[in-house]
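The values are calculated or read from the model by the stated rules, or taken from the named source; none is laboratory data. Please read all numbers here as calculations on a predicted model, not as lab measurements. Every residue, glycine as well, gets a Cβ built from its backbone with ideal geometry; the counts of neighbours run over all protein chains shown.
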Amino acid sequence: MKRVLFALFLLGLPVPILGQPVSVNVASLLADPARYDGQEVSIEAEAIGDRLHAKHGTWVNFLDTTAAIGCFFPTSLAKDIRLLGGYELKGDAFRVTGVFHAGCPKHGGELDIHADRLELLQKGRPTPHPISQAKVALAAGLSLASALLGFKISRRRTKGV
Amino acid sequence: MPSARKPARGWLQRTFRGRWQGVGGAKIALGILSEVLFSLLLALLLFLLGSVVIMLRGVWPTGL
Amino acid sequence: MANGPVGQAKSSAVVYYAGWVTLWLGLIMTIPLLTALTFQEWPDFVNFWAGTALALFVGLAMILLTRPAQRELSWMEGFAASALSWVVCMFLAAFPYYLSGHFGSYLDACFDVMSGFTTTGLVLIQDLDHASNALNMWRHLLTFLGGQGMVVLALTLLARSNPGAFKLYAGEAKDQRLLPSVGGTALAIWEISLVYLLLGTLAMFLVGLWIGLRPVPALLHGVWIFMSAWSTGGFAPNSQNIVYYHSLLYEAVTIPIMIAGSMNFGLHYAAWTGNRKEIFKNIETVVFVTVLVLTFLIGIAAIPLEGGLAGPLGVFRRVAYTFISAQTTTGLQPVYAPAMAKTWGDTALFGASLAMLFGASASSTAGGFKGIRVGTLFKALSQELKRLLRPERAVVIEKIHFYRDVVLDDAIVRSSALIVLLYILTFLGGVILTTALGNPISLSIFEVASATGNTGLSVGITQASEPWILKVAFILIFFVARMEFLSVLVLVGYLLGALKSSIFSFGRP
């Protein structure tokens, strides 16, 4: 047994130590769901999109640097998530802890995390969207050029060529 | 312009004129309905087939 | 055959008509432009402004430098113009994509455009979850336009000016004539799609509100997911695709949309004009149901259960949905790609690959071999078997029901067999390349089947970090498969011809 554990340790496989959630990134959850099935895991990720209603809870999708995953919350807990990311802003970043399911029996076999703890890592903030002067110049130049061509074509039409 | 004197007609009627001659809204609605019905029946068939096969495989996972 | 005076004049007309389609693309690009304006997404406003201007410029230049055909367009010219339109439009539609900064390279942007136009749905876009509404509008609009056929769109205008316009339309692999005139057929296709657009969007919008989307996102997601499902494209505004919504109802509403989208426009026309029985009798529906049930049975019998399918509902939402999505060649994906690659097992993946290759109906937005060809070939096989078993003198006649009973003849069988053969060769070539680049065989089969069938389900091979050669190969596969080979081959012939004539013209204008 010890040898097995040691081998697992060498392989870098996460051996769940009592009470300690496995810290993972989302991509590894998606890539090998069976390995983490039923374990308590924690991810560090940004809340994105919308809060989605479900029976007895709320869904919020979380995106880390690798991929996104759906997390199921008790609705009261989901209220702590204030800013959800999108085009305008980067959402609140949390450490989300909960039980991972490869095929969740409550949610039609979905691959999800039933979260029970949230730890705010960084508050969400608006994403700056500066306008590039060069692009404006490019767009204006192209518009002018196509207007010229349009003018030329209309003259060809009237001349009946 | 003759159209100026005619009463204004909806764009829907105008575009459908000729191509859908004699096809009323009810007929189209029934057509759409039967297409949707067909898809739902097919989905139901797959649901039943799936359930039966999984049961035949002798494994009945937890859940619904 | 074409009997233009010189090669120059012939290619001139080809470029002229492609120019008009390009012009249309520029006009269509004002929709995302207005979206950016509405939501005050200024950087994307500038991107789409530049994109619109560039498309108009190129379109106008193509028209200005060439002349329309003075006679009826030949089949060759129609096909070449169709294929050329797609290539030019790919490069132009990719321009605002590239400017948006969501793509690693111009090639990646072209990949996503071609994937959209051909209603495939494989994507290389990065950071999709932070993309603007304008960009998402463009993505889904591309797939919607591509599904109906961009040339079909332009035809409503062109058909009046040239009686040979049907040849452009057929070049896009939509050879079903619903009505005597091409313009009428093109319009009828758009009308059918627009009626479904209204109904489908309304349904998705209401369900969206129900599951908790705010009204504006509910509407946008509704339009986008409708466009994606109807055109059997498979895009979605978020990286998790259809899983993002976590809702059985949301998924369920997409099912009739996908299936209706994969039906022949001729079938819609028949059903809407009162011939509703045709839905259950048509050879394409029969093939569709048969292939779907058989491949699904392969999948469900073979899929490993340890992953936890969680009961009949789980089986339905993960496996049945995936097979419907595969067979309609949509590509909305209810399972995360890497998880699918890891847990589905080779046989189930192969079953889904078969569904994607067979595909749905001809003259629809779907891809694959298409029902009419598969039906024809199986009827031919049964005819051959009967011939062997019966006395030598007996005459065996097989009929297929395709709007009316058609007697199977060798010409139909031959053309079906040739196209299916071309699909298979394309598929095999793709698999060889994909495995040669180090991917496992079963995953390669799945991903290439997805590309060949213009489906868009993925097991994760398609990603921004893949080698450029695979991206180029996939773009070509999407394109030839969508155009059903002929028009692309004709275009290549044309380009070679034009090259030859310019070499031999010794500097003549």
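State the number of residues belonging to the range C:119-147 that are within 14 Å of chain A (Cβ to nearest Cβ) and assigned to a helix (DSSP H, G or I). Can you show your working first?
As a first pass, look at the range C:119-147 and keep what is within 14 Å of chain A (Cβ to nearest Cβ): C:123, C:125-139.
Now narrow it down to the ones that are assigned to a helix (DSSP H, G or I): C:128-130, C:133-139.
Number of matching residues: 10.
The rows are residues; the columns are (1) under 26 Å from the mean Cα position of the chain (by Cα); (2) at the interface with chain A (Cβ under 8 Å from one of its Cβ atoms); (3) of a type in the set (Asp, Glu).
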position	(1), (2), (3)
C:Thr35	yes, no, no
C:Trp42	no, yes, no
C:Phe45	no, no, no
C:Ala50	no, yes, no
C:Val58	yes, no, no
C:Ala61	no, yes, no
C:Thr66	no, no, no
C:Glu72	no, no, yes
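Please work out if A:Ala93 is under 18 Å from the mean Cα position of the chain (by Cα), modelled with pLDDT of 95 or more, among the hydrophobic types (A, V, I, L, M, F, W, C) and more than 30 Å from C:Ala50 (Cβ to Cβ).
Against the criterion (under 18 Å from the mean Cα position of the chain (by Cα), modelled with pLDDT of 95 or more, among the hydrophobic types (A, V, I, L, M, F, W, C) and more than 30 Å from C:Ala50 (Cβ to Cβ)), A:Ala93 qualifies.
Please return the ranges of helices (runs of 4 or more DSSP H) entirely within the range C:179-274 where 3 or more residues are in contact (Cβ under 8 Å) with a residue 12 or more places away in the chain and within 20 Å of C:Leu141 (Cα to Cα).
The qualifying helices (runs of 4 or more DSSP H) are C:182-210, C:215-230, C:248-261.
Condition first: in contact (Cβ under 8 Å) with a residue 60 or more places away in the chain and buried (at least 24 other Cβ atoms within 10 Å of the Cβ). Can you find one or more residues in the range C:305-320 that meet it?
Scanning the range C:305-320 turns up at least one residue that is in contact (Cβ under 8 Å) with a residue 60 or more places away in the chain and buried (at least 24 other Cβ atoms within 10 Å of the Cβ).
Taking the options A:Ala45, A:Ala68, A:Ala115, A:Ala78, name whichever one is more than 9 Å from chain C (Cβ to nearest Cβ) and under 30 Å from A:Pro130 (Cβ atoms).
The match here is A:Ala45.
How many residues does the range C:413-431 hold that are β-branched (Val, Ile, Thr), surrounded by fewer than 19 Cβ atoms within 10 Å (Cβ to Cβ) and farther than 20 Å from C:Ile477 by Cα?
0
Restricting the first residue to the range C:67-80 and requiring it to be under 9 Å from C:Ala13 (Cβ atoms) and buried (at least 19 other Cβ atoms within 10 Å of the Cβ), which pairs with a second residue that is among the small types (Gly, Ala, Ser) and modelled with pLDDT of 80 or more meet a Cβ separation below 6 Å and a spacing of at least six or different chains?
Close Cβ pairs (under 6 Å, with a partner that is among the small types (Gly, Ala, Ser) and modelled with pLDDT of 80 or more) amount to C:Ala69/C:Ala13; C:Glu77/C:Ala13.
Looking at the range C:277-296, is at least one residue in contact with a Leu (Cβ under 8 Å, 6 or more places away or on another chain) and within 21 Å of C:Tyr336 (Cα to Cα)?
yes
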